[in-house]
1. Please give the number of the condition R76 fails out of (1) open to solvent by 30 Å² or more (accessible area, probe 1.4 Å); (2) more than 27 Å from the chain's Cα centre (by Cα).
2. Scan region 4-31 for residues that are of a type in the set (V, I, T), more than 18 Å from the chain's Cα centre (by Cα) and surrounded by fewer than 14 Cβ atoms within 10 Å (Cβ to Cβ) and report the count.
3. Determine the pairs where a residue that is more than 26 Å from A11 (Cβ to Cβ), located within region 55-82, has a partner that is open to solvent by 30 Å² or more (accessible area, probe 1.4 Å) and not in a loop (DSSP other than H, G, I, E, B) with Cβ atoms under 6 Å apart, the partner being 6 or more residues away or on another chain.
4. Of the residues G112, G106, which is at pLDDT below 90, open to solvent by less than 60 Å² (accessible area, probe 1.4 Å) and either over 16 Å from L181 (Cα atoms) or charged (D, E, K, R) (or both)?
5. Please determine whether any residue of region 142-157 is modelled with pLDDT of 90 or more, of a type in the set (V, I, T) and open to solvent by 40 Å² or more (accessible area, probe 1.4 Å).
6. If you check A68 against the conditions, is it under 17 Å from A40 (Cα atoms) and either of a type in the set (A, V, I, L, M, F, W, C) or open to solvent by 40 Å² or more (accessible area, probe 1.4 Å) (or both)?
Amino acid sequence: MGEIEDAIERADRESFTREPPKTLKGQIGYLLKQMGSAKAVALELGVTADSVNRYRRGARRHARADVASKIDDAVRQRWQPQVRKRRQKQAAATGGITVETRARFGYTSSAGSTDDGRFRRLTVKLPAAYAQRLFDARDTGASDQQMREIIAEGFKEVYFQDGGGRATGLSDVEINDIDYLDLDY
């Protein structure tokens, strides 16, 4: 996963209205309910169906660390999909998306101005259209670089050009060397 996709996933997890199951037995029970069979769960986790049934019955109380991580990821990925969809739909329709980052920003501008990239810490609320483009890009399997370009374009419009009120000669903004990037919607 890329940095942008990780940030979207973290933002999705923050939208949970209830915490997912914490016990191994509870997590396996949830996955069985979602996926329908022990065989399907086993295939997802890379273990045998017998192991899944042992987890479900409580005969095995602890999974190996790598399997426990896969179980946790599988549960969180499927947890509260309607809540996630509703928040994303709201962000894409009216709410927009807030991007907080510390990264190196470079840009192409008119002659006489500096275009040397420099680190900036920015928190910018991007309009709903950028949220929609970002979610669409993620859903179609866009690369991290393509999603960065969408965010950079939003920063160009909202932060650097202030909605068209300044820096009108600015033609291109790039985001590089991301220290951190968080999204909220």
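1. Only one criterion in (1) open to solvent by 30 Å² or more (accessible area, probe 1.4 Å); (2) more than 27 Å from the chain's Cα centre (by Cα) is unmet by R76, namely (2).
2. Total meeting the criteria: 1.
3. G58/K25; R60/R54
4. Selected residue: G106, the only one of G112, G106 that is at pLDDT below 90, open to solvent by less than 60 Å² (accessible area, probe 1.4 Å) and either over 16 Å from L181 (Cα atoms) or charged (D, E, K, R) (or both).
5. No, because not a single residue in region 142-157 is modelled with pLDDT of 90 or more, of a type in the set (V, I, T) and open to solvent by 40 Å² or more (accessible area, probe 1.4 Å).
6. Yes: the conditions hold for A68.
The values are calculated or read from the model by the stated rules, or taken from the named source; none is laboratory data. Computed from a prediction, not measured in an experiment: that's the story for all the values here. Reconstructed Cβ throughout: ideal geometry from the backbone, glycine too, with neighbour counts over all protein chains shown. Side chains included, ligands, DNA and RNA excluded: accessible areas come from the protein's heavy atoms. Shrake-Rupley method; radii C 1.70, N 1.55, O 1.52, S 1.80 Å.
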